[in-house]
Amino acid sequence: MNIPRSPEPIGTIEDIRDWIISGSEHEMRFAIQGAARYSIGMIDQLLEELGYEHDANCDTFLRGWLDTLDPLERLAAAVATESHYRLGLLDTARADDRALLQVMEAAKPGIDELAECFSGIHERADDPDPSFTRACTTQLLDYAEQLQAVAEKIDGDVHLVKYMSDEVARMETGEYDANEKPAKNIVAELLEGNPRLRAKIISD
């Protein structure tokens, strides 16, 4: 659900609660737009209160809400709310995989924005107002490059985690001897023994 940030957020926190519980597409849009006026902490608390009884609706809301946030906000919100999947508040298929992917998918845009911020600060070092000079902020450029390199690796690993999740799900719904070896171990060994497949998945 791709919903742009509303220029005039609507609804009280109680309204958002009711809209999430309703779960209709129309009211879910209102809930996601209305969440823009509230802090990440307040939305996190609301999801914690609603999760067990309305887990499917909360999952839909959470994914839609994250999509409306700016990169650094999305990363912060993804980290703050991933525990809802791990702890079972949002009972969705392969919840632990979803918890990891939620953070990993938000990582690159957020890290890229931080790296761009460091680069911009370096460019302003010659202005008369800052107390720092380029001799100081050159290190920020090094940080920016390192952050962007890490962000690229995380982005590639998103594809890897999705592949592993899909393969494990496929195996577990088929016929294999779970007592012999867990499906995730079989998939991990396949990837470790086939570097070309691993590289192809990461680059896709």
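The values are calculated or read from the model by the stated rules, or taken from the named source; none is laboratory data. The model shown is predicted, which means the values in this text are computed figures rather than measured ones. Neighbour counts run over all protein chains shown; Cβ positions are idealised from the backbone, glycine included. Calculation scope for accessible area: heavy atoms of the full protein, side chains included, ligands and nucleic acids excluded. Shrake-Rupley method; radii C 1.70, N 1.55, O 1.52, S 1.80 Å.
Summed over segment 17-34, the residues that are in a helix (DSSP H, G or I) and within 11 Å of C58 (Cβ to Cβ) give a count of 5.
Residue-by-condition table, conditions (1) free of Cβ contacts under 8 Å to residues at least 24 places away in the same chain; (2) more than 23 Å from S165 (Cα to Cα); (3) of a type in the set (F, W, Y); (4) open to solvent by 30 Å² or more (accessible area, probe 1.4 Å):
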position	(1), (2), (3), (4)
A80	no, no, no, yes
A93	no, no, no, yes
D96	yes, no, no, yes
L100	no, no, no, yes
V103	no, no, no, yes
P109	no, no, no, yes
E145	no, yes, no, yes
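Applying the criterion of being part of a helix (DSSP H, G or I) and more than 14 Å from I43 (Cβ to Cβ) to the residues of segment 61-86, the residue that is nearest to the chain's Cα centre (by Cα) is L75. If you filter segment 50-64 down to residues that are in contact (Cβ under 8 Å) with a residue 12 or more places away in the chain and out of contact with any Leu (no Cβ under 9 Å at 6 or more places or on another chain), you find that the one that is least open to solvent (accessible area, probe 1.4 Å) is G64.
Among residues of segment 181-194 that are under 19 Å from R94 (Cβ atoms), those with a beta-carbon under 6 Å from a residue that is open to solvent by 60 Å² or more (accessible area, probe 1.4 Å) and in a helix (DSSP H, G or I) at least six positions away or on a different chain give the pairs A183/E172; V187/M164; L191/R198. Screening M42 with (1) surrounded by fewer than 18 Cβ atoms within 10 Å (Cβ to Cβ); (2) under 19 Å from G11 (Cβ atoms); (3) in contact (Cβ under 8 Å) with a residue 40 or more places away in the chain gives one miss only, at (3). Of all residues in segment 40-51, one or more are closer than 30 Å to T173 by Cα and in a loop (DSSP other than H, G, I, E, B). Within the bounds of segment 161-174, is there any residue that is under 18 Å from the mean Cα position of the chain (by Cα) and either closer than 30 Å to S119 by Cβ or surrounded by fewer than 13 Cβ atoms within 10 Å (Cβ to Cβ) (or both)? Among the residues of segment 161-174, at least one is under 18 Å from the mean Cα position of the chain (by Cα) and either closer than 30 Å to S119 by Cβ or surrounded by fewer than 13 Cβ atoms within 10 Å (Cβ to Cβ) (or both), which makes the answer yes. Per the listing T138, T81, T133, the residue uniquely farther than 30 Å from K184 by Cα and in contact with a helix residue (DSSP H, G or I) (Cβ under 6 Å, 6 or more places away or on another chain) is T133. Against the criterion of being in contact with a Phe, Trp or Tyr (Cβ under 6 Å, 6 or more places away or on another chain), open to solvent by less than 40 Å² (accessible area, probe 1.4 Å), hydrophobic (A, V, I, L, M, F, W, C) and farther than 30 Å from Q148 by Cα, I16 does not qualify.
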